[in-house]
Amino acid sequence: MSNGLLIIDVQKGMFQEGDTVFKGDKLISTLQGVIKKARASSTPILYIQHNAPVGKPLEYGSEGWEIHAEIAPHLGDVIIQKATPDPFLNTTLEEELHKKGIKHIYIAGIQTEACVDTTCRRAFSMGYKVTLLSDSHSTWSSSEISAQQIINHHNGVLRWFADVYPSKEVEFR
């Protein structure tokens, strides 16, 4: 079964001073390790890039819209543009996965309760084998619960749709 790594919405706008995603530096470091393992095994990497409207941190074409430089795509990596939390909706993601023969999707990125959650559920519903990297996604605290609680909750709930493992336990083959 061919694997693919999806890196969702890890864009500069998610790391704005004063409003940085929870444990942003640790997330970037963990993603660097995951990407290195994927590249070493020739696992395709697909970056999902959110296109937000004017005035938003991920405004299309703005500096905040750019993929974080420390995990930047390499030549041959695929970049998928999206405008909703669902990277399959009105995008080329399914076509790219099909072209590459990918049947098993590893998921990492931002935002846990939105795009990461939606991607896990949608990929599962479409028949993909899904693995969520439990230490490789993040979010922000809400007024009701902390970011860590949101992450922990989703790592538990998404077990209905995905295998959930920390990145150190993942072997791309």
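The values are calculated or read from the model by the stated rules, or taken from the named source; none is laboratory data. None of these values were measured; they are calculated from a predicted model. A quick note on method: Cβ atoms are made from the backbone with ideal geometry, for glycine too, and the neighbour counts reach across all protein chains shown. These accessible areas exclude ligands, DNA and RNA; they are computed on the full protein's heavy atoms, side chains included. Shrake-Rupley method; radii C 1.70, N 1.55, O 1.52, S 1.80 Å.
Among Asp25, Asp163, Asp135, which one shows the biggest mean-square fluctuation in a GNM of the chain, springs joining Cα atoms closer than 10 Å?
Largest GNM mean-square fluctuation: Asp25.
Want the number for Glu171 to Ala72: 0.36 nm per residue separation, take away the alpha-carbon distance, what's left?
Details: separation 99, 0.36 × 99 = 35.64 nm, distance 2.14 nm.
Full-extension gain reported as 33.5 nm.
Can you return the lysines within cross-link range of Lys12? Criterion is Cα-Cα under 18 Å, with same-chain partners fewer than 8 residues away left out.
Leaving aside lysines fewer than 8 places away in the same chain, those within reach of Lys12 are Lys23, Lys26, Lys56, Lys82.
Rounded to a whole number, what % of the accessible area of the chain do carbon and sulfur atoms account for, probe 1.4 Å?
Its accessible area is 51 percent carbon and sulfur atoms.
Which whole-number value in Å² is the accessible area per residue of the chain, probe 1.4 Å?
Values: 8610 Å² over 173 residues.
Ligands and nucleic acids excluded, the figure is 50 Å² per residue.
Determine the equivalent ellipsoid of the chain by diagonalising the alpha-carbon gyration tensor, then write out the semi-axes as square roots of 5 times the eigenvalues, largest first, rounded to whole Å. Each step should come with its number before you reach the end.
Details: eigenvalues 97, 70, 51 Å².
Equivalent ellipsoid semi-axes, largest first: 22, 19, 16 Å.
Tally Lys/Arg at +1 and Asp/Glu at -1 over every other residue whose Cβ is under 13 Å from the Cβ of Gly109; what's the total? Don't jump to the answer; show the numbers that get you there.
Details: positive: Lys82; negative: Asp9, Glu113, Asp117, Asp135.
Charge balance near Gly109 sits at -3.
Ignoring the sites themselves, what is the longest stretch of the chain with no GluC sites (Glu not before Pro) in a DSSP loop and at most 12 other beta-carbon atoms within 10 Å?
Details: sites that count: Glu17, Glu144, Glu171.
By the stated rule (loop sites, at most 12 other Cβ atoms within 10 Å), 18-143.
Comparing Leu58, Leu89, Leu132, which has the greatest mean-square fluctuation in the GNM of the chain with Cα pairs linked when under 10 Å apart?
Comparing Leu58, Leu89, Leu132 in the GNM, the peak value goes to Leu89.
May I ask you to list the lysines whose Cα is less than 17 Å away from that of Lys100, ignoring any residue fewer than eight positions away on the same chain?
Within the straight-line limit of under 17 Å, Lys100 reaches these lysines: Lys129.
Under a Cβ-Cβ cut-off of 15 Å, what is the net charge of the residues other than Leu133 that fall near it, where Lys and Arg count +1 and Asp and Glu count -1? Walk me through the numbers on the way to the answer.
Details: positive: Lys23, Lys26, Lys36, Lys37, Lys129, Arg159, Lys168; negative: Asp9, Asp117, Asp135, Asp163, Glu169, Glu171.
Summing Lys/Arg as +1 and Asp/Glu as -1 gives +1.
Could you please report the charge total around Ile45, scoring K, R as +1 and D, E as -1 over all other residues with beta-carbon less than 13 angstrom from its beta-carbon?
Details: positive: Lys36, Lys37, Arg39, Lys100; negative: Asp77, Glu96.
Around Ile45, the surrounding residues sum to +2.
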